[in-house]
């Protein structure tokens with residue numbers, strides 16, 4: 001999994017990259033062979049108060065299916081990141097299950 005992290009939050013890579021990377025690795029570890037690149041965009045509206053809502057957008061590119069995207073917004077950036085990671089982990093699991101289900105139904109070999 002290659003992680004790309006971008007956004008306009010101060011000290012983004014220095015402060016948030018290790019935490020984001022750790023959480024994503026935990027959430028996506030079991031799907032590793034199905035995952036390509038992962039992009040994380042963390043933003044807060046320009047010129048706003050420190051307690052303004054911040055957003056976290058995570059896009060996981062799957063090798064054999066469409067990309068999975070989760071977007072969360074919250075005043076607490078850590079909470080927004082955590083919720084987005086949880087949602088994208090669940091969505092990746094569902095996408096891979098659909099992929100395996102489609103492969104099984106296309107297989108004409110009877111199962112015993």
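For residue 21 and residue 90, the FRET efficiency from 1/(1 + (r/R0)^6), where r spans their Cβ atoms and R0 equals 22 Å, is about 0.70. Relative to the longest principal axis of the chain, what angle (0 to 90°, nearest 10) does the C-alpha long axis of helix 17-28 take? Once rounded, one gets 20 degrees.
Once the chain from residue 8 to residue 37 is taken as fully extended at 0.36 nm per residue, the excess over their C-alpha distance is 8.4 nm.
Measuring nothing but how far apart in sequence close Cα pairs (under 8 Å, 6+ apart) lie, relative to its length, the chain scores a relative contact order of 22 percent.
Each helix, a run of at least 4 DSSP H residues, gives -39500 (n - 2.57); summed and divided by the residues of the chain, these come to -13000 deg cm²/dmol at 222 nm. Taking the Kirkwood radius as Rh and the Cα radius of gyration as Rg, the chain has a ratio of Rg/Rh equal to 1.10. The angle between the Cα long axis of helix 77-106 and the main principal axis of the chain comes to about 10°, on a 0 to 90 degree scale. Spin-label pair residue 71-residue 99: with each label point 7 Å from Cα along the Cα-Cβ axis, the two points sit 2.4 nm from one another. Taking the DSSP bridge list for the chain and keeping only pairs wholly inside it, about 70 percent are antiparallel.
Quick note: the coordinates plus some simple rules give every number you see, no bench work behind them. All of these numbers come straight from a predicted model, not from anything done at the bench. Quick reminder, even Gly has a Cβ in these numbers, built from the backbone with ideal geometry, and neighbours come from all protein chains shown.
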